[in-house]
């Protein structure tokens, strides 16, 4: 099935570049691995190099590159947890700005790891809310 027909809802709410990145990576992964979870994981891995999840959509990153340890390793070690689209490699200042946009309470007292976790949870809540509408 062409990727455009199964575009995840978070990407439907994202810019055209995020959509193109995911679609191109997904279609390539389907050719290599076949349709299924691995193709989706591969497409999201590619997307996380150029975009980060903020709330219920994906936005371009300030600096391209892997978003977390798992993304840096690649799809071969797919059982490791990811940061769920949060750019865990971004500066603490950037994470604080994202947390402010998502109105995360207590953000000024959080360390970098806590900010990543809090942003991930806020992103999940926003995505669930958008899907219900």
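Each 10 Å bin from zero holds the following percent of Cα-Cα pairs in the range 3-132: 13, 43, 35, 8, 1.
Going highest first, how would you order 86-99, 12-25, 39-52, 120-133 by mean Cβ packing within 10 Å? Write out the running numbers ahead of the final one.
Details: 86-99: 18.9, 12-25: 16.9, 39-52: 21.3, 120-133: 14.1.
Ranking, from highest mean packing down: 39-52, 86-99, 12-25, 120-133.
Rounded to the nearest 500, the 222 nm mean residue ellipticity of the chain from helices alone is -17000 deg cm²/dmol, with -39,500 (n - 2.57) taken per DSSP H run of at least 4 residues. If you plug the beta carbon distance of residue 101 and residue 24 into 1/(1 + (r/R0)^6) with R0 = 30 Å, you get a FRET efficiency near 0.60.
If contacts are Cα pairs under 8 angstrom and at least 6 residues apart, what is the relative contact order of the range 3-132 in percent? Show your work: numbers first, answer last.
Numbers: 169 pairs, mean separation 27.9, N = 130.
Relative contact order here is 21 percent.
FYI, it's all coordinate maths here, none of it is from the lab. None of the values given here were measured: they were computed from a predicted structure. Ideal geometry is used to build each Cβ from the backbone, glycine not excepted, and the neighbour counts take in all protein chains shown.
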